[in-house]
Amino acid sequence: MTGRETRVLHGISAAPGIASGPAFVLERQRLRVVKRHLEASQLDDEVERLREALADSFAQVQELRDMLAGQHEDPQEILEAQAEMLRDPSMMDDPARLIRGELINAEWAVAKVLGQLRALYDNAEDVYLRDRGEDIDHVGRRILRNLAGQDPLLGRIPAGVVVVAHHISPAEMVQLHRARVAGLATDVGGRTSHTALIARAFELPTVLGLKEILTAVEGGETVVVDGLAGDVVLNPSDEELVRFGERAYRLALVEQELLKDRDKPAVTLDGTVVQLMANMELAEEVASALEHGAEGVGLYRTEFMYMERTALPSEEAHMVDALKVFNGMGQRPVTFRTFDLGGGEKTSELLRIPNEDNPALGLRSIRLAFREEAIFRSQLRGLLRASTAGRMRIMFPMISGVAELRQAKRMLEECREELARQGHAVAEEIEVGIMVEMPAAAMIADLLAKEVDFFSIGSNDLIQYTLAIDRSSELVNYLYHPLHPAILRLVRSVVNVAHDASISVSLCGAMAGNPLYTLVLVGLGLDELSMPAAAIPRIKRIIRACNSSEAVSFAKDLVKMDTVELAEEAVREMMVSRFMLNLDEDRSWEVDMRPNIGTHPAAPRVSKRAEDDPKPTSGRRGSR
Ligand code: PEP
Ligand code: MG
């Protein structure tokens, strides 16, 4: 322990779990090209600085290749192209000539040379050439970072640390996951930001929106991240460390207890079946999905295929990735959502995503896919080529109207026909569905339902767009209310419309993985809930302990309430008294649960019929 005082900071609980470790502070400045004129006497040193930065860049590319070896096939080729670029004598000679000729610093010279090179590729229609242009940018940024003395490789972060940063992007989360860090604490970010969702998927204890942790923490000091309570403790006393240790141990026991139901169906005491599916970002999460008893994948966020890569994924890369998922999931359904990039958070340097004042309302998701049609078609073709290996569902995000949906379906159909002509096998039966995550889509759900096989309600965006609350802002996070009467009405109406049209309806936003809302969602009639895999056992325990008739009447009463406060109070009271959710201790939505739920004296005993039904058929019986 250092002599510093213990300090507790309160933030937003983003992913449950308790972690402690030395703080690893990630302070990265924005990359700016500093332009300086030099004296003649400084030129030799400057050229030497350039030489060293090139050598470091080359070594890092090699290291990255080793890190990714065996995980993705095509980066090897791309990184080899980058290494080649860095080995090319002109990469040293051209900027060195500018340094000496124009008496300018190395950063400026590199930016000039690479800028000219980049311009050659800028207007290229050919996707391959554009890829190469992106490679130049990547190589350029790497050299500039090395000149500035910044480490460009987040993957160098040691295992077991608690990462402290202003912000971590979804793409960087992948690197933290692979580096096996213990926890994460950031100054900004909301509960349903993509960073938070991914933290949950990776089971990385995370607290966001702490506002001042970067200034409060000292690198290397012990930090405890309490992802359940949303607290971060700096420099804890020995007693506090013991207390947190006990809490973590108790949570582990609860997890163990919940996992006993892994192979049992999510069926209510009166026989209503709800499919519990996993949300996934990377194929490597399949193992966790199966360990937690997922019955399929309800949302595979394929946009992660465009992150942490140095070039666009090829058609084959999409196919190989989908095959990996099918390989693990067997004949369970897998819902591949076509890329949902943009919107401010989910960025990729591989596509031309503009900087907009209002990115959530801008060129995001399916709109971006239509503009980058060749890239979109390449994804569709890749997915279709994997379709015979499993039960494929394809889902389009951010659909706002029928014409947009038809355009996406037409492209899918054209890709299918093209593949058939080229002799590729494509499955006959592929379900096609949409995310219902815009109020517009919810309002015209009856029209959309005629065109698709399923709906999946994206509550994160539906809430964002309905209540006009930036989902990634910690400043308006307090207004993010899944139980707002407007949201409950929209969900109820979409479910009813879907059932009238005899299509299934899922909910795959963060609401699905929060035990507080399980009874409500069962009562509203969702056929399927899709969530981070680790949340499945808790949700299943509640479903197995409730009656769908009680859930339906509870949801009916709830929808009639005129304020969100009343609805929240009613849900809390119900879930604490009837399902023993432990809200007090955690002060959090991602609640703790005692192991004995379902055997609580107030809870009806699990019926023989439900126990006897190990493989229920999908869909809500008798509700359509
Ligand atoms: C949603 O909006 O609820 C959703 C599941 O999609 P994403 O969080 O990826 O935007
Ligand atoms: Mg969404």
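Report the accessible area of Glu569, computed with a 1.4 Å probe over the heavy atoms of all protein chains in place, in Å² rounded to the nearest 10.
Roughly 100 Å² of Glu569 is accessible to a 1.4 Å probe.
Of the DSSP beta bridges with both residues in the chain, give the percent that are antiparallel, rounding to the nearest 5.
On the way: 21 of 61 bridges.
Antiparallel: roughly 35 percent of the beta bridges in the chain.
Assuming R0 = 45 Å, can you tell me the calculated FRET efficiency for the pair Glu373 and Leu259, based on Cβ-Cβ distance, to the nearest 0.05? It would help to have the intermediate numbers written out before the result.
Working: r = 45 Å, r/R0 = 0.99.
For Glu373 and Leu259, the calculated efficiency is 0.50.
Per-residue ellipticity at 222 nm for the chain, helices alone: DSSP H runs ≥ 4 residues times -39500 (n - 2.57), over residue total, nearest 500 deg cm²/dmol? Show your work: numbers first, answer last.
Numbers: 24 runs with 285 residues, N = 624.
The per-residue figure over the chain is -14000 deg cm²/dmol.
What does the charge count around Val402 come to, taking other residues whose C-beta lies under 15 Å from its C-beta (Lys +1, Arg +1, Asp -1, Glu -1)?
Values: positive: Arg406, Lys409, Arg410, Lys450; negative: Glu404, Asp446, Glu451.
Spelling it out: positives minus negatives among the neighbours equals +1.
Measure off 7 Å from each Cα along the Cα-to-Cβ vector at Glu284 and Leu103, then give the distance between these two points in nanometres to one decimal.
In this crude label model, Glu284 to Leu103 measures out at 5.1 nm.
Using modelled amide H (1.01 Å from N, peptide plane; none on Pro or chain starts), what sits under 5 Å from the amide H of Val436, excluding residues fewer than 5 places away?
Hits under the 5 Å cutoff: Ser456, Ile457, Gly458.
Accessible area of Arg142, 1.4 Å probe, to the nearest 10 Å²?
That residue has around 30 Å² of solvent-accessible surface.
For segment 259-387, what's the radius of gyration and Dmax over Cα atoms, in angstrom?
So, for segment 259-387, Rg and Dmax equal 16.8, 52 Å respectively.
What number comes out for the charge environment of Ala360, summing +1 per Lys or Arg and -1 per Asp or Glu over other residues with Cβ under 13 Å away?
Values: positive: Lys346, Arg364, Arg367, Arg471; negative: Asp340, Glu345, Glu356, Asp357, Glu437, Asp461, Asp470.
For residues surrounding Ala360, the net value is -3.
Explain nothing, just the number: relative contact order of segment 168-229, from Cα pairs under 8 Å at least 6 residues apart, as a whole percent.
Relative contact order of segment 168-229: 35 percent.
Compute the signed sum of charges (Lys and Arg +1, Asp and Glu -1) over the other residues within less than 15 Å, Cβ to Cβ, of Leu467. Walk me through the intermediate numbers first.
Details: positive: Arg191, Arg471, Arg489; negative: Glu437, Asp461, Asp470, Glu565, Glu568.
With Lys, Arg at +1 and Asp, Glu at -1, the net is -2.
In the structure displayed, which of Lys346/Lys556; Lys264/Lys560; Lys211/Lys346; Lys211/Lys540 lie more than 31 Å apart, Cα to Cα?
Details: Lys346/Lys556 36 Å; Lys264/Lys560 34 Å; Lys211/Lys346 22 Å; Lys211/Lys540 35 Å.
Beyond 31 Å between Cα atoms: Lys346/Lys556; Lys264/Lys560; Lys211/Lys540.
Over segment 253-611, what per residue volume does the convex hull of the Cα atoms give, in whole Å³?
Working: hull volume 49.6 nm³, N = 359.
Hull volume over Cα atoms, normalised by residue count, gives 138 Å³.
Between Glu291 and Ser41, what FRET efficiency follows from the Cβ-Cβ distance if R0 is 41 Å, with the result rounded to 0.05?
On the way: r = 64 Å, r/R0 = 1.56.
Once rounded, the FRET efficiency stands at 0.05.
Quick one: plug the Kirkwood hydrodynamic radius of the chain (C-alpha pairs) into Stokes-Einstein at 20 °C, 1.002 mPa s, and report D in µm²/s. Numbers along the way, then the final one.
Numbers: Rh = 25.9 Å.
My calculation gives 83 µm²/s for D.
So how strong a dipole does the chain carry about its Cα centre when Lys and Arg Cβ are +1 and Asp and Glu Cβ are -1, to the nearest 20 debye?
Values: 73 positive and 96 negative charges, 320 e Å.
My answer is approximately 1540 debye.
The values are calculated or read from the model by the stated rules, or taken from the named source; none is laboratory data. Here the structure is a predicted model, which means the values were calculated and not measured. Virtual Cβ from ideal backbone geometry, glycine too; neighbours counted across all protein chains shown. Protein only, heavy atoms only, side chains kept; ligands, DNA and RNA dropped before computing areas. Shrake-Rupley method; radii C 1.70, N 1.55, O 1.52, S 1.80 Å.
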